[in-house]
Amino acid sequence: MAMTVAAFDPAERIEMFISACDPVSREGIVSQLRGHPVTSVDERSLHPKVVALVVVDEVDEQTARQIRSLKQRGIERVVVMASRVEDAGLVTAVEAGASGFLRRSQSTPATLLDTIRTAAAGEGALPPDLLARLMDQVGRLQRQILNPRGLSFTGLTEREIKVLKLLAEGHDTGEVGRQLFLSERTVKNVVHDMTSRLHLRNRTHAVAYALRQGLI
């Protein structure tokens with residue numbers, strides 16, 4: 001089924017910075033977007049609302065460095081267009097801060113514009129197969145790396161979460177220990193290890209962190 005591009009308010013014109021591996025690729029993208037509400041800007045005009053499009057043959061560590069460099073310059077919305085995307089490169093780019101991906105072979109003017117709009121709105125955009133591959137990588141990381149260490153993606157263990165829940169309910173460390181069948185010293189050690197590892201100031205800060213993360 002053909003993809004259609006919805007009407008766009010000219011007042012909502014998107015500014016885009018193109019970082020391409022060669023001039024031909026850059027001019028090809030500019031040509032694809034001609035007539036659409038997208039303005040190409042150069043490095044001197046970068047600001048936080050610009051959408052950066054990084055065009056590469058392969059997603060690798062050099063791509064990740066480009067993404068990190070753009071993020072350091074205040075660009076929050078980075079889309080990668082690549083000819084080849086391996087699983088390792090996909091994860092590396094996401095960790096570096098990429099919020100969207102496109103395959104060059106599938107990048108029609110409609111799909112390119114739709115992805116740019118999605119990024120400009122502060123949302124992520126991934127083709128379904130790449131999303132499935134990314135989720136598989138995340139699941140493998142959880143099973144092989146985090147689970148054996150008793151950790152989750154929040155950086156907290158199950159026991160730490162239980163301690164925080166009870167502290168949030170107003171229990172002191174002695175009461176927390178009795179409910180969890182731990183000594184008070186163990187509870188204090190749990191809190192200390194957790195606050196040190198996550199660079200939190202104290203137990204109150206730790207509870208606030210858990211609340212923000214939706215853990216308690």
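Just so it is clear, none of the values below were taken in a lab; they were calculated from the coordinates. Quantities reported herein were computed from a predicted structural model and do not represent experimental measurements. A quick note on method: Cβ atoms are made from the backbone with ideal geometry, for glycine too, and the neighbour counts reach across all protein chains shown.
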Practice task
Mind grabbing the base-10 log of I(q)/I(0) for segment 150-212 at q = 0.16, 0.22 Å⁻¹? Debye formula, identical points on the C-alpha positions, no solvent, two decimal places.
Solution key: -0.43, -0.84
Exercise for the section: Report the charge-dipole magnitude of segment 45-127 in Debye, nearest 20, computed about the Cα centre from +1 at each Lys and Arg Cβ and -1 at each Asp and Glu Cβ. Expected result: 380
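Just the Kirkwood number for segment 10-143, please: inverse of mean 1/r across all distinct Cα pairs, in Å, one decimal.
Details: mean 1/r = 0.0673 Å⁻¹.
Computed over segment 10-143, the radius equals 14.9 Å.
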Practice task
Could you work out the relative contact order of segment 10-143, using alpha carbon pairs under 8 angstrom and six or more residues apart, expressed as a whole percent?
Solution key: 22
